[in-house]
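Only one structure is covered here, and it is reproduced in the block below.
All of the numbers you see were taken from the coordinates with simple rules; none came from a lab. These numbers come from a predicted model, not from an experiment. Here the Cβ positions follow ideal geometry from the backbone for every residue, glycine too, while neighbour counts run over all protein chains shown.
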Amino acid sequence: MIFTTSWDDGYALDLQVARILEQYGATGTFYVCPHKQHDRRMVTTKEIRELGMRHEIGAHTMSHPHLTQVSPEKARREIAESKQWVEDSTGNPCTMFCYPYGDTDDKVAGYVKEAGFAGARTVEQFAFSGTQAFALPTSLHIYPYPFRPVANRRVLSPLLHARPHLKRLKIPAYRCGSWSQLAKQVFAYAHGTNQPWFHLWGHSPELEKYILWNELESFLGYVATYEDVVHAPNSALLSS
Ligand SMILES: [Zn+2]
């Protein structure tokens, strides 16, 4: 089974994610975008070049728009320019794209294909295979689980979203008391049922905001105990 990870937006904190992945023999596809978000420092072109020597770099538009809500001209330009920008930054061909907010439709997917990309990732979760190159789903998002703390409240939307999927995969929800426990259960399901791949994705500032670094390490350490797992970038999913 292939194990792949992807990280969105190109925050400077992605460099820390990259170091952790390397520590556990894993690899990532970093979907970078020059647009500054959440008042965070973004990776510089020099950092993208260095990151690109060890991991895959994908495109994620130039200004992070909702691609189905802008004009076709603007959407095409955002997609094509981001490919060029990544290629100029890394000096290598950029074959993978990721839709901001997962916002896409047949038209937008067509523009991505037209721009010369080989595939594109969505934000769909609990999938372990995919036949459409321009609508590649993921297996799990790294995010607070089972609830998200907001001020002094607990928002249960992560559990509510996962519940029907866990039911379908026959994973008892009581075994998933934290994100890393959920991730290990979902990974064990995928491995035990001989799925083609497991795709973890996330945003590095959320690892910091929700204190998920140890959860990530705990999960990567668990994945590393499976000797038959092949670590590969997102583009490897296209031929799996
Ligand atoms: Zn994004």
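Backbone amide hydrogens, once placed in the peptide plane, bring Gly58 within less than 5 Å of Phe30, Tyr31, Val32, excluding anything fewer than 5 places away on its chain.
What's the local net charge at Ser6, with K and R +1, D and E -1, over the other residues with C-beta under 9 Å away? Computed value for this residue: -1. Spin-label model, Val123 to Arg54: label points 7 Å out along the Cα-to-beta-carbon direction sit 2.8 nm apart. Subtracting the Cα-Cα distance of Lys36 and Tyr222 from their residue separation scaled by 0.36 nm leaves 63.6 nm. Calculated FRET efficiency, Tyr210 to Ser71, Cβ-Cβ distance, R0 = 41 Å: about 0.70 to the nearest 0.05.
Counting only DSSP beta bridges with both residues in the chain, the antiparallel share comes to about 15 percent. Each Lys or Arg adds one and each Asp or Glu takes one away; over the other residues whose Cβ falls under 15 Å from the Cβ of Ser139, this sums to +2.
Each Lys and Arg adds +1 at its Cβ and each Asp and Glu adds -1 at its Cβ; summed about the Cα centre, the chain shows a dipole of about 780 debye.
Explain nothing, just the number: dipole magnitude of the stretch 118-224 about its Cα centre with +1 on each Lys and Arg Cβ and -1 on each Asp and Glu Cβ, in debye rounded to the nearest 20.
Rounded to the nearest 20 debye, it is 460 debye.
What number comes out for the charge environment of Ser157, summing +1 per Lys or Arg and -1 per Asp or Glu over other residues with Cβ under 13 Å away? My count for the surroundings of Ser157 gives +4. Size estimate for the chain follows the Kirkwood approach: the inverse of mean 1/r over distinct Cα pairs works out to 18.1 Å. Only beta bridges with both residues in the stretch 42-164 are counted; by DSSP, about 40 percent of them are antiparallel.
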